[in-house]
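Trainee: My questions will all concern the structure given below.
Taken together, the values in this text are just the output of simple stated rules run on the coordinates, not laboratory data. Keep in mind it's a predicted model, so treat the numbers as computed, not measured. Please note: Cβ atoms are built from the backbone with ideal geometry, for glycine as well, and neighbour counts cover all protein chains shown.
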Amino acid sequence: MNNKTSLSASTGPAPAPHGKSRLGLIVSVVAIIAAFFVPLVVDSPAHQNVAILILMAAQMGVAWNIVGGYAGQVSLGHVAFYGIGAYTSTLLMTQWGINPWLGMLAGGVLAAVISVLIGWPCFRLKGHYFTMATIAVAEIVQIIFTNWEFAGAAVGITLPMDQQGWGALIFSSKVPYYYIALGLLLLTLLANLLIERSYLGYYFRAIKDEPDAARSLGVNLGTYKQVAFAVSSFFTALGGSLYAQKELYIDPTSVLGTGLSIKMALVSILGGIGTLAGPVIGAGVLTTIDEGTRILFGGSGLGTDLIIYAALIIVIAVYYPTGVMGWIKNFLARRNARQASLEKGE
């Protein structure tokens, strides 16, 4: 038995019962179909915007989940790649007139390349030292863009609105942005699914749960951490590019703020780290909190969402470390066990 096969056998999850797999597939298909009809049912631009924000937050969480959930490398500096994606596509469009679709792809590739340069020294650190290093990198990137005149410095950059349509990725309606955000989320989920079911998924989980065992089986921990970091950075940058096109304005605060990094991680942790659906659920909860506090308190409640985030982190760490998805699985397991015991009693 070769190393790859033995590692897959030792770290791969037990295959789910056929009934549960089929139920999960049905629920996923129904959810996707329902998502396509949301703009047809919700005609209010404000409510459509909330739906777009949920999709964008979910995409960020799913992208972060690749390195933080599957590989177990908790990065709180992922906002650096989000900002790199936003600034790359915006600068390419405003300075050289390059199509934003190409700019989005270029931002993703650039973020992946930079992640390799950042990861090489950072992955020499472990645990909270790695996390602190990623925060420091994000702060450095924010300082660079805040003082870089070519990139607008602290003033930021406004995207021109002289052209509209799918070629320019600028629309007067919220609906196209909704479908672009949905498509990007589905693409990121597909990447997660392919990783989860490939040998990369086994390697990532081994690095997270049993690094010494993985190393003894010949897995190069540094290389596969870099792979997870690069793939995660690529999709995070795509989300940043979409944000720039939707808002038509970016500055260091909006796309490089530390709070955004925390939200990326919290979305995944709240919903269920290392799961496909977890970040989507977490995004729905956190975006509702964001918009709810903004509506209820306005400018006077600035920072209220961060207080609620902190409270959620405490509750999750103490009571539900596996997140909402873990709670659902435990609830279903208890219910099935209770039904089985009742059937035996009868």
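Trainee: Can you tell me the orientation of helix 304-318 relative to the chain, as the angle in degrees between its alpha-carbon axis and the longest Cα principal axis, to the nearest 10?
Mentor: 20 degrees
Trainee: Ok, one more. By how many degrees, between 0 and 90 and to the nearest 10, does the Cα long axis of helix 221-247 differ from the longest principal axis of the chain?
Mentor: Once rounded, the angle reads 50 degrees.
Trainee: Oh, and also: Report the longest stretch of the chain that contains none of the trypsin sites (Lys or Arg not before Pro) sitting in a DSSP loop with at most 16 other Cβ atoms within 10 Å. Walk me through the numbers on the way to the answer.
Mentor: Numbers: sites that count: Arg124, Lys126, Arg197.
That would be 198-346.
Trainee: Name the shape class, rounded, prolate or oblate, that the alpha-carbon gyration tensor gives for segment 192-281, where a ≥ b ≥ c are the square roots of its eigenvalues, rounded holds for a/c under 1.5, and otherwise prolate holds if a/b is larger than b/c and oblate otherwise. Before the final figure, lay out the partial values.
Mentor: Working: a/c = 2.41, a/b = 2.05, b/c = 1.17.
Prolate shape, in that a/c is at least 1.5 and a/b is the bigger ratio.
Trainee: Quick one: how many lysine pairs does the chain have with C-alpha atoms less than 12 Å apart and a gap of 8 or more or different chains? Give me the count, please.
Mentor: Lysine pairs meeting the criterion: 5.
Trainee: Could I ask something else about it? From the square roots a ≥ b ≥ c of the eigenvalues of the alpha-carbon gyration tensor of segment 50-90, which class results: rounded (a/c under 1.5), prolate (a/b over b/c), or oblate? Present the calculation step by step, with values, prior to reporting the outcome.
Mentor: Numbers: a/c = 2.81, a/b = 1.22, b/c = 2.30.
The shape class here is oblate.
Trainee: Residues with amide H under 5 Å of Ile170's amide H, sequence separation 5 or more or different chain, H placed in the peptide plane at 1.01 Å from N; which?
Mentor: Those lying under 5 Å, H to H, from Ile170 are Gly165.
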